[in-house]
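Novice: My questions will all concern the structure given below.
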Amino acid sequence: MHRRRPTLLATLTLTAAATLTLSACGSGGSPGKGEGEIAGSDAGDKPSASPRPSSSSTATAGRPKVELPPDLRLTFEDAETGDPVKDAVLADNAERMRAVDAAISGTDPEGKALGFYNTGKALEAAVSWVGQFEKANATVTGQVRFFDRDVTLKGATSAVLTFCADESKGFSKDKETGEVAKTPVTKNSYVQYNTRLDKNADGVWQTSQILSTRGAAECQP
């Protein structure tokens, strides 16, 4: 296990939160290993003893406060569209992305926010992704910018959201040594996300499916 850890640490990326395909899209490979792959779906990697939240424990106690460590900053552009429903989708998506990194970094060790902002296959995959970081004894650091966020409403309780992530300043970090696995900026530093969100009975827009394409042309600077 210790011999594998440096390799796994080097391949982990900051916000490639575990993803599954939408509709008939194909399956992918391990994170950070090429263009057009499904991040966070390494074959054979199963969730460890990391948070195993349930989406049933959602809004009864109010929205969880998602906190990140001081060395990690996520920024979200295009937060206001003028449409209150679309703005709610964007806000809950932002908290979803923050929730994954909170679980990875240890500021939400029980994964409460994961279960609040994810459901179904997206929740299952997010927990698996957090488990991969735990297996590598890694956390996350740096900055990630989310941009070109576009919402399409598919009815009163369903929406599709596409957006890009600039991960050129985001890195994984060894929890034990503090060593940051810095990688050069390439086209794969930019990721396109295609997500589905469903509004639950408590009014929370939960991510139910998420597909990422690393190196997508649409997200290049």
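Novice: Using 26 Å as the Cα-Cα cut-off, could you pick out the over-long pairs in Lys135/Lys199; Lys86/Lys121; Lys65/Lys199?
Specialist: Those over the limit are Lys135/Lys199.
Novice: Another question, if that's okay. With every protein chain left in place, what is the accessible area per residue of the stretch 127-221 in square angstrom, probe 1.4 Å?
Specialist: Averaged over the residues of the stretch 127-221, the accessible area is 41 Å².
Novice: So for the pair Lys169, Asp78, with labels modelled 7 Å out along Cα→Cβ, what separation do we get in nm?
Specialist: 2.0
Novice: To two decimal places, what compactness ratio does the stretch 111-170 give when its Cα radius of gyration is scaled by 2.2 N^0.38 Å?
Specialist: 1.39
Novice: On to the next question. For the stretch 156-221, what is Rg from Cα atoms divided by 2.2 N^0.38 Å, rounded to two decimals?
Specialist: That works out to 1.47 for the stretch 156-221.
Novice: With only alpha-carbon atoms in the gyration tensor, what are the semi-axes of the equivalent ellipsoid for the stretch 92-221, in Å, largest first?
Specialist: 25, 20, 10
Novice: By the scheme Lys and Arg +1, Asp and Glu -1, what is the net charge of all other residues having a beta-carbon under 12 Å from that of Ala99?
Specialist: Surrounding charge for Ala99 is -1.
Novice: Further, regarding this structure: For Val160 and Glu124 in the same chain, what is the full-extension length gain: residue separation times 0.36 nm, less their Cα-Cα distance, in nm?
Specialist: Result for the pair: 11.0 nm of gain on full extension.
The values are calculated or read from the model by the stated rules, or taken from the named source; none is laboratory data. These numbers were taken from a predicted model, which means no experiment stands behind them. All Cβ positions, even for glycine, are placed from backbone atoms using ideal geometry, and neighbour counts span all protein chains on display. Side chains included, ligands, DNA and RNA excluded: accessible areas come from the protein's heavy atoms. Shrake-Rupley method; radii C 1.70, N 1.55, O 1.52, S 1.80 Å.
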